[in-house]
1. Considering only the stretch A:116-133, I want to know if a residue exists there that is assigned by TED's automatic domain parsing to the domain that holds residue A:13, more than 30 Å from residue A:52 (Cβ to Cβ) and surrounded by 10 or more Cβ atoms within 10 Å (Cβ to Cβ).
2. Restricting attention to the stretch A:92-108, does a residue exist that is more than 14 Å from chain B (Cβ to nearest Cβ), surrounded by fewer than 16 Cβ atoms within 10 Å (Cβ to Cβ) and either in contact with a helix residue (DSSP H, G or I) (Cβ under 8 Å, 6 or more places away or on another chain) or closer than 24 Å to residue A:26 by Cα (or both)?
3. Cβ-Cβ below 6 Å, separation at least six or inter-chain, first residue in the stretch B:144-157 and more than 13 Å from every other protein chain (Cβ to nearest Cβ), second surrounded by fewer than 19 Cβ atoms within 10 Å (Cβ to Cβ): which pairs?
4. Name the residues in the stretch B:62-73 that are surrounded by 15 or more Cβ atoms within 10 Å (Cβ to Cβ) and part of a loop (DSSP other than H, G, I, E, B), would you?
5. If we scan the stretch A:285-307, do we find a residue that is buried (at least 21 other Cβ atoms within 10 Å of the Cβ), closer than 18 Å to residue A:345 by Cβ and modelled with pLDDT of 95 or more?
6. Quickly run through the stretch B:174-203 and pick out the residues that are in contact with a strand residue (DSSP E or B) (Cβ under 6 Å, 6 or more places away or on another chain), within 14 Å of chain A (Cβ to nearest Cβ) and either in a strand (DSSP E or B) or modelled with pLDDT under 85 (or both).
7. Please find, within the stretch A:71-91, the residue that is surrounded by the most Cβ atoms within 10 Å (Cβ to Cβ) out of those that are part of a helix (DSSP H, G or I) and more than 9 Å from every other protein chain (Cβ to nearest Cβ).
8. Is it the case that the stretch A:349-363 has a residue that's farther than 22 Å from residue A:272 by Cα, surrounded by fewer than 16 Cβ atoms within 10 Å (Cβ to Cβ) and touching a residue at least 60 places away in the same chain (Cβ under 8 Å)?
């Protein structure tokens, strides 16, 4: 009695039939036992019934092609049957297939490792814990890096000839000069939007002219500096991370160290000092462009002429309004450059790392800039300026 | 390994490639027969890797015809190309494993893309491939960054073998390995080639690899190819080839 287990298909199909002879089963293999057939064969082989048998013969005689997957399925079945205390014999292996069958048999000694992902809740809790610990460690590492940069900065100040002037000037050009178009455009638009929104609200009280005061205080004290810092964090902080990170991947950082050069001195200080010089200038520029946008909008929306705008502006400013914005800029610059370089040096040697660290660098530096801004506000409030 | 019928699995005719204004290949012809291991050698920058990349369709030639398994590579697109790609495997220089995935997941990438096997069977297949390339089973759960260079190459080979390809392309498989690991890798390639009946196209610098694994060698010099067995090439009058095989002539080829 022959039982066909799987439906034979004409061309590439693989199938097998089983034939019982007393206490023994003969499993004859037909067709091409290849990867494309594995899904069906996998299921069919698990359902072979061996009830009441002592012996199984697997007959390779009519087999067409065989690949590693087919060979594995047969080996797995054989092992499973042997596990049920049946005696299994392999018959008529064609000469051409013998090397493959033997290789698979030889290389797959142990059972494959069970690959079981842990359940979702454990994974979720583990991730929270891991992130908290990592965040704490990140903060400590950043603090340590801050210390290292500060130490090397002092050492460089004491021996100014060690400062890399060419690199410094290049950084100022790259982070400062090249940021002018985008920063100018955005600040101008912010000035326009502020003037428009301010005028809209203040007109209800007949106090349109105070739009100028609103513009002056908000742009000079906060917006100009924050805009410049955020754009620089996105443009230059990310670039620092990517540049230094790529150097890390290429082992260029290691090369520097072995050449006796100080990474902080060569790579970090020019960037930090360059940005500390550039950002106050950018902030000033953003202030000017923001006020220009506001002035033009005031002219068209409220009919405030430029001389009238300037007169009102002068009256709106206290001694400190302008300096409050500018003083913050070097601190923001230091935070952005420090975080950018720090994340760059944390890059590991794999493809995803540079991208991950760059994202983290931008997010972390903007976060820290806003925290610093809040602390400045508290400080200025206490100082009454 | 000639095994009677010399079916051609890769046929390159009149191939011209230019890279940055420089001609790398000037009308070269090459036939790779089924079941053979062909080694491609040449000086640095001679365009060995470019030849491999052109054959697998990663670079476009300026002129010429490339046929792989009877299909014209330069015209193939879409599903036909995908089907053909499932019939070869490529091992890149440093393994080119996807760094965000474990070794087992790497091996399963082509399986997921081209088949619809249940996860359990894919895990088993990954384990089989690991065994084939001689990696311990616990390597399955590791990420590429946790492996040594030699292990990464083996894992890359396991991925290249995932779909039981007919042709295996190897780009400098032993570069950067110590001589012992390189020897083991040579043996591995030879064993696999014999038991899986693969055709292999191997770019290499390594004379020992050439001797241990290849049936024929194609030397890329002066923008053309000199093809032959090692015993034939040893007598090639071209100065570069002469110098390249000088060491071999001195110590290994018995009938020279």
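The values are calculated or read from the model by the stated rules, or taken from the named source; none is laboratory data. Since this is a predicted model, take the numbers as computed values, not measurements. In this analysis, Cβ positions are derived from the backbone assuming ideal geometry, glycine residues included, and neighbour counts consider all displayed protein chains.
1. At the first step, the residues of the stretch A:116-133 found to be assigned by TED's automatic domain parsing to the domain that holds residue A:13 are none.
Among the residues of the stretch A:116-133, not one is assigned by TED's automatic domain parsing to the domain that holds residue A:13, more than 30 Å from residue A:52 (Cβ to Cβ) and surrounded by 10 or more Cβ atoms within 10 Å (Cβ to Cβ), which makes the answer no.
2. Of all residues in the stretch A:92-108, those more than 14 Å from chain B (Cβ to nearest Cβ) come to A:92.
In the following step, the residues that additionally are surrounded by fewer than 16 Cβ atoms within 10 Å (Cβ to Cβ) were identified as A:92.
Filter once more, so that each one left must be either in contact with a helix residue (DSSP H, G or I) (Cβ under 8 Å, 6 or more places away or on another chain) or closer than 24 Å to residue A:26 by Cα (or both): A:92.
Among the residues of the stretch A:92-108, at least one is more than 14 Å from chain B (Cβ to nearest Cβ), surrounded by fewer than 16 Cβ atoms within 10 Å (Cβ to Cβ) and either in contact with a helix residue (DSSP H, G or I) (Cβ under 8 Å, 6 or more places away or on another chain) or closer than 24 Å to residue A:26 by Cα (or both), which makes the answer yes.
3. Between residues of the stretch B:144-157 that are more than 13 Å from every other protein chain (Cβ to nearest Cβ) and residues that are surrounded by fewer than 19 Cβ atoms within 10 Å (Cβ to Cβ), the close pairs are B:150/B:181.
4. Of everything in the stretch B:62-73, those that are surrounded by 15 or more Cβ atoms within 10 Å (Cβ to Cβ) and part of a loop (DSSP other than H, G, I, E, B) turn out to be B:69, B:73.
5. Looking through the stretch A:285-307, none of the residues is buried (at least 21 other Cβ atoms within 10 Å of the Cβ), closer than 18 Å to residue A:345 by Cβ and modelled with pLDDT of 95 or more.
6. Just the residues of the stretch B:174-203 that are in contact with a strand residue (DSSP E or B) (Cβ under 6 Å, 6 or more places away or on another chain), to begin with: B:193, B:198-203.
If we keep only those that are within 14 Å of chain A (Cβ to nearest Cβ) too, we end up with B:193, B:198.
B:193 - this is the single residue of the stretch B:174-203 that is in contact with a strand residue (DSSP E or B) (Cβ under 6 Å, 6 or more places away or on another chain), within 14 Å of chain A (Cβ to nearest Cβ) and either in a strand (DSSP E or B) or modelled with pLDDT under 85 (or both).
7. First, pick out the residues of the stretch A:71-91 that are part of a helix (DSSP H, G or I): A:71-83.
With the extra rule that they be more than 9 Å from every other protein chain (Cβ to nearest Cβ), the set shrinks to A:74, A:77-83.
Working: A:74: 24, A:77: 21, A:78: 18, A:79: 13, A:80: 15, A:81: 20, A:82: 12, A:83: 8.
Result: A:74.
8. Yes - at least one qualifying residue is present in the stretch A:349-363.
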